[in-house]
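These notes concern the structure reproduced below.
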């Protein structure tokens, strides 16, 4: 129930954020499409320019979201009393801020990039794009329900538990379990280095619908008379076992890649934040204010 409620909460957040962005883009479409030299003569210039009421508001909202990104890091380290909630849920909210913040700031810029602020903007976009990559890598590391990474022994136990479930509850023989695993795993590209492993995982995920279709046909052919619910449960157990088996095989490399991803991701975030604060300080000293 809690998982479904949180999922619904995230859907509402995305709908609210994207709706606000879509309305802002639609409202200022004519202004944003104008050449910059003509904009000062437009009726919407005073409200949509970066220092205008709406434009400045976009910047305030986007900057606040960028700062709220760091709540995830604080939660990971237990700072400021943030020791509640599952890490995977904190990560989902972190990603929402990481997507919405840059998009609101893009509207704040009104498409004008220049000077040192442009370094912050493009660093921010690099953080956002690398965040998608980081999320994908994060998902390849097997985790428990609380979001903590599983050890190799825990992965082995989970795989054995799924095998036992298939054998005990559905009378699936060990030979069929192995056959199900082979069909669910497929024969994707296997590389020896980090790039090869990431490519293997991508191919594994891209080919998953086709493999699942073949796996379903295979199970129905083996057990034509069992209920649809039992078929679905056998398929789910077999797919979960296969996914864990694949991730177990690349766990060491994935952990290494994730470490190096942090090394790349963090400097962009630091540059983004430092220049953002410099920008805020400069415009404040120059007398730019919003509604307060």
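The values are calculated or read from the model by the stated rules, or taken from the named source; none is laboratory data. Note that this is a predicted model, so its numbers are computed, not measured. All Cβ positions, glycine included, derive from the backbone under ideal geometry; neighbour counts span all protein chains shown.
Side notes on the structure shown:
- The set of residues in region 77-92 being surrounded by 13 or more Cβ atoms within 10 Å (Cβ to Cβ), without any contact (Cβ under 8 Å) to a residue 60 or more places away in the chain and touching a helix residue (DSSP H, G or I) at 6+ places or on another chain (Cβ under 8 Å) consists of 82, 85, 90, 91.
- Screening residue 129 with (1) modelled with pLDDT under 80; (2) out of contact with any helix residue (DSSP H, G or I) (no Cβ under 9 Å at 6 or more places or on another chain); (3) assigned by TED's automatic domain parsing to the domain that holds residue 20 gives one miss only, at (1).
- Long-range neighbours under 6 Å by Cβ, at least six apart or interchain, first residue on the phi > 0 side of the Ramachandran plot within region 191-217, second surrounded by fewer than 14 Cβ atoms within 10 Å (Cβ to Cβ) and at pLDDT below 75: none
- Filtering region 205-230 to residues that are at pLDDT 75 or above and in contact with a helix residue (DSSP H, G or I) (Cβ under 9 Å, 6 or more places away or on another chain) leaves 205, 208, 211, 212, 214, 215, 216, 218, 219, 220.
- Taken as a whole, the structure places residue 231 among residues that are surrounded by 14 or more Cβ atoms within 10 Å (Cβ to Cβ), farther than 20 Å from residue 140 by Cα and either out of contact with any strand residue (DSSP E or B) (no Cβ under 6 Å at 6 or more places or on another chain) or assigned by TED's automatic domain parsing to the domain that holds residue 133 (or both).
- Of all positions in region 250-261, none carries a residue that is touching a residue at least 60 places away in the same chain (Cβ under 8 Å) and outside any helix (DSSP H, G or I).
- When residue 124 is tested against (1) within 17 Å of residue 95 (Cα to Cα); (2) surrounded by fewer than 19 Cβ atoms within 10 Å (Cβ to Cβ); (3) modelled with pLDDT of 75 or more, only condition (2) is not met.
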